[in-house]
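Have a look at the structure below, then the notes.
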Amino acid sequence: QVRLVESGGGVVQAGGSLRLSCAVSGRPFRSYGMGWFRQAPGKEREFVASINWNGGSTYYADSVKGRFTISRDNAKNTVYLQMNSLKPEDTAVYYCAIRGGSGAGTSGYDFWGQGTQVTVSS
């Protein structure tokens with residue numbers, strides 16, 4: 001059974017930083033691309049960032065480029081999202097997901113975590 005567990009969410013002031021973690025079990029983590037998505041109240045879930053199997057390729061949504069960094073530690077079966085210069089519009093539930101293949105991308109995810117809340121106050 002594939003399981004993804006996010007952690008690291010919380011409340012932070014605008015301009016602050018948070019680091020999200022996502023621990024994966026039940027699938028050979030090092031063989032698959034990973035991604036982060038978010039869903040704000042009343043909005044559809046949107047792509048945030050993605051990383052390929054070895055960390056050599058990353059993609060970001062334009063809204064977070066230059067502020068967020070996705071990374072992974074294959075020895076720990078964990079993917080991270082470092083979020084800096086946070087804005088109130090970054091407030092959302094953040095989800096990690098694992099792809100069906102080894103590359104990075106905005107689609108093709110087949111297992112998801114339960115999400116972690118990030119709230120940025122102004």
Within segment 91-102, residues within 13 Å of the chain's Cα centre (by Cα) and either over 14 Å from G42 (Cα atoms) or without any contact (Cβ under 8 Å) to a residue 40 or more places away in the chain (or both) come out as Y94, Y95, C96, A97, I98, R99
Candidates Y80, Y59, filtered to the one that is touching a Ser or Thr at 6+ places or on another chain (Cβ under 9 Å), within 14 Å of E6 (Cα to Cα) and not β-branched (V, I, T): Y80
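How many of the residues making up segment 103-122 are within 14 Å of the chain's Cα centre (by Cα) and assigned to a strand (DSSP E or B)? Can you show your working first?
Let us first name the residues in segment 103-122 that are within 14 Å of the chain's Cα centre (by Cα), namely 104-107, 109, 111-118.
From the residues that got through so far, the ones that are assigned to a strand (DSSP E or B) too are 109, 111-112, 116-118.
So the count comes out to 6.
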Expected single match for within 24 Å of S25 (Cα to Cα) and open to solvent by 40 Å² or more (accessible area, probe 1.4 Å) among S63, S102 is S102
Exactly one of these conditions fails for K65: (1) of a type in the set (K, R); (2) part of a strand (DSSP E or B); (3) out of contact with any Leu (no Cβ under 9 Å at 6 or more places or on another chain). Give me its number. (2)
Report, by residue number, each residue of segment 11-54 that is surrounded by fewer than 19 Cβ atoms within 10 Å (Cβ to Cβ), under 21 Å from S102 (Cα atoms) and either modelled with pLDDT under 95 or not small (G, A, S) (or both). G26, R27, P28, R30, S31, E46, N54
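The values are calculated or read from the model by the stated rules, or taken from the named source; none is laboratory data. What you are looking at is a predicted structure, and each value in this text was computed from that prediction instead of being measured. As a convention, Cβ positions derive from the backbone with ideal geometry for all residues, glycine included, and neighbour counts pool all protein chains shown. SASA here: full protein model, heavy atoms, side chains in, ligands and nucleic acids out. Shrake-Rupley method; radii C 1.70, N 1.55, O 1.52, S 1.80 Å.
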